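> Here it is, the structure in full.
Just so it is clear, none of the values below were taken in a lab; they were calculated from the coordinates. Remember, it's a predicted structure, so these values are computed and weren't measured experimentally. Backbone-built Cβ (ideal geometry, glycine too); neighbour counts: all protein chains shown.
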Amino acid sequence: MGLILRRAGQGAFIVFVVASLSFGLVHLAPGDPFLAAAENSNLSDSVRTVWKERAGLDKPVREQYVRYLANLARGDLGPSFSMHRPVADVLRDAVPNTLLLMGTSLVLSFALGIAIGLVQAKRADSRLDHAISTTTTVLASLPPFWVGVVLMLCFAYWLPVFPVSGMVDAVQHPYMSGGRQLLDRLKHLVLPAATLTLMAAPEIARYQRAALLEVLPEDFIRTARAKGVSERSVMSHHALRNAFLPTITVFGLSFPTLLGGAVFVETVFAWPGMGVASLKALEMRDYPLVIASVIVGSTLVVIGSLVADLLAAAADPRLRGE
């Protein structure tokens, strides 16, 4: 309980710092949310001034900051200037879609990464190990949007197996049965989730391989082998269980990686998540939505770190008293 409270306090402070920095950086940028509307229409300066007054942007930045923190403490994220809706409503529609994409990718990347790490550790320094290491290094170095474009070309254009964009079929989805709606959603999820998985799995595999290679020379592994335990059981039950702690640490580090990658992946595949909403908000200088998106992102990272700490404490009793 003490660990949870301590980490929760640290997380709250981090979110406060992130919110403050985001507010300051956004307001230091030139222009205002109504500048684009003024440049692309016959909007007069007087009307633009009235809009700024209604939004409170005519006040000193310090006063705007204090008012924003007071509203934030009450859970009020303000209105979205570009979408003409409360920011909370915009995020309520977008965040679950991003969590679905990130959650699917997280499960797949860890399952794939751990499996690859096991195969490499079993055949350490073999040709297969070197080939897999080279492949994972190449995949880890590729930008996510490029991987997404390649997958789109391969499996949506050249071999039209999966949909090219969106979260569902915009025309037919409302008229499908429940099972077909689920299948339609899963088909749209495959390519963006695969892109994020290919981005995260190589790092997990490298950590898992290194952790297993540290555990395999230990005495309890040699004892298990001397007792006649099969190599499969030695690797899966003895070695993997004791080499899992570094991988749990990577779990917390994967959240910012996946969240950052999701911004590009959602844009490539037109996935209606937080990344697309954030980019549109940046283009339109939508201050409240930009800041709220950063806050939600930092909150997700903090939650991921907290979950990783709890899992590590559950796996290693020595960490529970820290």
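> For each of Lys122, Lys227, Lys52, count neighbouring Cβ atoms within 10 Å of the residue's Cβ, then give the residues from fewest to most. Could the numbers behind the result be given before it?
On the way: Lys122 18, Lys227 8, Lys52 15.
Fewest to most other Cβ atoms nearby, the residues stand as Lys227, Lys52, Lys122.
> Looking at the P(r) of the chain, how many percent of alpha-carbon pairs lie beyond 31 Å?
Working: 24139 of 51681 pairs.
More than 31 Å apart: 47 percent of the Cα pairs in the chain.
> Summing -39500 (n - 2.57) over the DSSP H runs of n ≥ 4 in the chain and dividing by its residue number, what mean residue ellipticity at 222 nm do you reach, to the nearest 500 deg cm²/dmol?
Result for the chain: -24000 deg cm²/dmol, rounded to the nearest 500.
> Over the chain, what is the relative contact order in percent, taking alpha-carbon pairs closer than 8 angstrom and at least six residues apart? Write out the running numbers ahead of the final one.
Values: 331 pairs, mean separation 91.8, N = 322.
With pairs under 8 Å counted, the relative contact order is 29 percent.
> Out of residues 5 or more away from Gly273 or on other chains, whose amide H comes under 5 Å of its own, with H placed 1.01 Å from N in the peptide plane?
none
> Related question: Relative to the compact globular guide of 2.2 N^0.38 Å, what is the alpha carbon radius of gyration of the stretch 105-241, as a ratio?
1.38
> Just to be sure I understand the model, the point goes 7 Å from the Cα along the line to the Cβ. What's the resulting Val229 to Trp158 distance in nm?
About 4.5 nm, to one decimal.
> In whole Hz and in residue order, list the ³J(HN,Hα) couplings for the stretch 243-256 that follow from phi through the Karplus curve 6.51 cos²θ - 1.76 cosθ + 1.60, θ = phi - 60°; x for Gly and Pro.
9, 7, 4, x, 5, 4, 4, 5, 4, x, 6, 6, 4, x
> Return P(r) of the stretch 151-202 (all Cα-Cα pairs; 5 Å bins starting at 0; whole %; ordered from short to long distances).
4, 21, 25, 22, 16, 8, 3, 1
> Enumerate the calculated ³J(HN,Hα) couplings along the stretch 102-107 in order (Karplus 6.51 cos²θ - 1.76 cosθ + 1.60, θ = phi - 60°), each rounded to whole Hz, writing x wherever the residue is Gly or Pro.
5, x, 4, 5, 5, 5
> How would His238, His27, His84 line up from fewest to most surrounding beta-carbon atoms within 10 angstrom? Can you show the working numbers first?
On the way: His238 19, His27 15, His84 8.
So the residues, fewest neighbours to most, are His84, His27, His238.
> Tell me the angle of helix 178-215 to the major Cα principal axis of the chain, expressed in degrees between 0 and 90 and rounded to the nearest ten.
It is inclined by approximately 50 degrees.
> Between Ala8 and Ala70, take the C-beta separation as r, use R0 = 22 Å, and let me know the FRET efficiency to the nearest 0.05. Before the final figure, lay out the partial values.
On the way: r = 22 Å, r/R0 = 0.99.
It comes to 0.50.
> Tell me, what HN-Hα J-couplings in whole Hz come from the Karplus equation 6.51 cos²θ - 1.76 cosθ + 1.60 at θ = phi - 60° for each residue of the stretch 171-177, using x for Gly and Pro?
8, 8, 4, x, 9, 7, 6
> Sorting Tyr65, Tyr287 on the 10 Å Cβ count, fewest up front, what's the list?
On the way: Tyr65 16, Tyr287 25.
Arranged by neighbour count, lowest to highest, Tyr65, Tyr287 become Tyr65, Tyr287.
> Around Ser80, which amide H atoms from residues at least 5 apart in sequence, or from another chain, sit under 5 Å from its own amide H, with H modelled in the peptide plane?
Arg85, Val87
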